[in-house]
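The values are calculated or read from the model by the stated rules, or taken from the named source; none is laboratory data. Values in this document were obtained by computation on a predicted structure and should not be read as measured data. Glycine gets a Cβ as well: all are built from the backbone with ideal geometry, and neighbour counts include every protein chain shown. Heads up: the accessible areas ignore ligands, DNA and RNA and are worked out on the full protein's heavy atoms, side chains in. Shrake-Rupley method; radii C 1.70, N 1.55, O 1.52, S 1.80 Å.
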Amino acid sequence: MVERIQALEITPANMHEAPLCGIKDPEHEGRRAKERWLKTALKKGLKARVLLTEKGVQFGYVEWLPGEHAWRGVEADGYMFLHCVWTYFKEYQNKGRGKLLIQACVDDARKAKMKGVATVARDRPWLAGSALFLKHGFEVVDTALPDYELLVKKLDPSASNPRFRGDWRRRLRKYGSGLTIIRAEQCPHSIRFADKIAAAAEATYGLKPRMVTLRTWRQAQAAPTPFAVFAVIFDGELVADHHVSVRRFETLMDRVLSRKST
């Protein structure tokens, strides 16, 4: 028997009941933050779809909006920008569902007569790898250290390419001395990751971090990393550019402190 699946489009009417980014608990702080973010982003043209099993369990997600309002360190005006695309659980992977999610974004961009679709990829956690997009007609048009790629599928062949905003070092320096943690409601998981790292920083290193919550797309595009929505910075140096566990944070922090002491 073939299990039926459902592609649920997130709207203001159903967002409170639908699982969001794998979080179903309505009391989860990150989920509540994501709902706040969605209310604003939907007004900016955001589209989000959740893939559900027959039993209502989320196993996939896709989210896109016009590039002018992208929550990444990019300039992608005139493009539709794909924030997230993923499928979870092995039994639902490698069955063409990623392609369907991406194609829904491409179709929406074509309907809106946009230049194409752009996205940021990397072969590390929290973003899809570039291979997924390359096999569906995307091409790499820009890169950023350490391993970020900006990919595009053009609908207008003559359109100029989107690009990373760059100048990352200057952006890092503005956070000054001490420990800073950047988080954003665009990713609901960033809230608890940030809180756990903040607690560990105080307990292990005696550091009380400055917590910066990005509240607008302009702030996200001005962030010091391409991923934008999560970072840990110490004395103007990037410790982590994506969500990490407390153990991983302490390993990275030990390296930074050891280097500074030599």
Just checking, does region 144-164 include any residue being among the polar types (S, T, N, Q) and assigned to a strand (DSSP E or B)? no
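Within the bounds of region 71-82, is there any residue that is farther than 25 Å from residue 149 by Cα and small (Gly, Ala, Ser)?
For region 71-82, residues farther than 25 Å from residue 149 by Cα and small (Gly, Ala, Ser): absent.
Do you know which of the residues in region 222-245 that are more than 13 Å from the chain's Cα centre (by Cα) and over 14 Å from residue 180 (Cα atoms) is most open to solvent (accessible area, probe 1.4 Å)? Steps first, answer last, please.
If we filter region 222-245 for residues that are more than 13 Å from the chain's Cα centre (by Cα), which is where we start, we get 222, 224, 232-240, 244-245.
Still in the list and also over 14 Å from residue 180 (Cα atoms): 222, 244-245.
Values: 222: 38, 244: 12, 245: 61 Å².
Going through the qualifying residues, I end up with 245.
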Check on residue 119, under 18 Å from residue 47 (Cβ atoms), open to solvent by 20 Å² or more (accessible area, probe 1.4 Å) and either modelled with pLDDT under 95 or β-branched (Val, Ile, Thr) (or both): no
